[in-house]
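Below is one structure, written out as structure tokens; the observations come after it.
What follows is calculated from the coordinates using simple rules that are stated; it is not laboratory data. Small disclaimer: the values here were computed from a predicted structure and weren't measured. Positions of Cβ are generated from backbone atoms using ideal geometry, with glycine treated the same way; all protein chains shown enter the neighbour counts.
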There are 2 protein chains.
Amino acid sequence: MRLTKKQIIENRKRIVDAAAYLFRRDGFDAVGLADLMKSAGFTHGGFYNHFSSKDALVEEACRASFDSYTTRLAASLDASPEHFAKALKAYLSLAHRDDPGNGCPTASLVADVQRQSACVQAAFAAGLNTYAAILGKHLSKSLPIADAGSRKATTRERSLRLLSEIVGAMMLSRAVKKHDPALSKEIINASRAHAAAESLSGT
Amino acid sequence: MRLTKKQIIENRKRIVDAAAYLFRRDGFDAVGLADLMKSAGFTHGGFYNHFSSKDALVEEACRASFDSYTTRLAASLDASPEHFAKALKAYLSLAHRDDPGNGCPTASLVADVQRQSACVQAAFAAGLNTYAAILGKHLSKSLPIADAGSRKATTRERSLRLLSEIVGAMMLSRAVKKHDPALSKEIINASRAHAAAESLSGT
DNA sequence: ATTATCTATAGATCTATAGATAATGC
DNA sequence: ATTATCTATAGATCTATAGATAATGC
């Protein structure tokens, strides 16, 4: 049964979507092509009708993860000023912690990406830059105030620090979730309390 | 050729040390037993005279990484008050970024640990708790001041946030190091500038 | 001192699984 | 697109060997 071009494109998208989910949930190397194709509703062998190698899919899935995530984030933040605080609360939540497959690509892929090809690393770096730019755009709406050390932090510095903190908190929280759920929550809440303040005034 | 007991213990330690280095540098799953044993100066087959499985070594190496790292850190911090700022500067440095094999076990293993056995996750959680306790002990020497949002952050909250931030910054910096070295440095420096202030007054 | 035993080692091998390819079918 | 197959590599197992250790004997 030969498929229409439209159907082929649709099938390909199904594979990329499955990959974007599974790679974020389990990591690039932990997901095999057989399981991935099965999850997309196909058999193993058909993979190479769409991609030249696993690496090619990894790159595309990485890009797709960032695209959908940052697009949605930017739209939400542009909607109204108070959405910044809401977005931070949503980020630092148990729901986000427990659903990495649909969550922040940075937190899910940051460690894995170092073991991937140059193309994948480039896609990741591009996504991260976009991410930081979006944060910076909305942080700049609040005036930078003096640091405790009596120096002014630029908006760029503040957005990168905020990114480091929320990504770090999410990863740490996920890592101890099973064995130490109390600590897992504590990590998220520690940053959550501070993030609300950060979104208003900046420190 | 049978060895003395002392030599056997020494050989076992060589394997654990090699593992503690390679696992932190490349990740648990990316390091094969053949390469690991070769790196320790042995051949593949001898591995099972020392460990029942790879998982058993992963657990021991995880513990060993945390032990050596936190012991050294605690000793340094106890030496004198100004060592706290020094330790933070050393953490947020290019030297640390470029030597994960001897660096912070948390930053190296946090993502991998989720795919490992319960024993390994327990070892990680224990190490992280020790880590946070050490930071807390030294943060408590400086008085907590009001957050921008006019609430007081506890020492515990501050140590967890600090941990999230420096671990996150290190991971992000490493992830984009190859493809975007400028951003990599920027990430480290953004947190470095703030960390100095944090170590004195707390925000 | 001699003998028997124990065991870490090297190297070959087994089994499972991964990515990738080829042949087949609609 | 499916199915079967190929190839490489991983963890794990097995066997023979060497030589330290323990038990025995003088």
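Taking helices (runs of 4 or more DSSP H) that do not extend beyond segment A:75-175, which have at least 3 residues that are under 18 Å from A:Arg192 (Cα atoms) and more than 8 Å from chain B (Cβ to nearest Cβ)? Fully inside segment A:75-175 and qualifying: A:83-91, A:94-97, A:118-139. Of all residues in segment A:32-53, those satisfying the criterion of being more than 8 Å from DNA strand C (Cβ to nearest atom) and hydrophobic (A, V, I, L, M, F, W, C) are A:Met37, A:Ala40, A:Phe42. Scanning segment B:47-62 for residues that are of a type in the set (Ser, Thr, Tyr) and either within 14 Å of chain A (Cβ to nearest Cβ) or more than 6 Å from DNA strand D (Cβ to nearest atom) (or both) turns up just one, B:Ser52.
Return a yes/no flag: does segment A:17-26 have any residue that is surrounded by fewer than 17 Cβ atoms within 10 Å (Cβ to Cβ), under 13 Å from A:Val120 (Cβ atoms) and under 25 Å from the mean Cα position of the chain (by Cα). There is no residue in segment A:17-26 that is surrounded by fewer than 17 Cβ atoms within 10 Å (Cβ to Cβ), under 13 Å from A:Val120 (Cβ atoms) and under 25 Å from the mean Cα position of the chain (by Cα). Restricting to segment A:1-29, count the residues that are more than 12 Å from DNA strand D (Cβ to nearest atom) and not in a helix (DSSP H, G or I). Of the residues in that region, 2 qualify. Taking the conditions (1) charged (D, E, K, R); (2) surrounded by 15 or more Cβ atoms within 10 Å (Cβ to Cβ); (3) more than 13 Å from chain A (Cβ to nearest Cβ); (4) within 12 Å of DNA strand C (Cβ to nearest atom) in turn, B:Asp29 satisfies each one other than (3).
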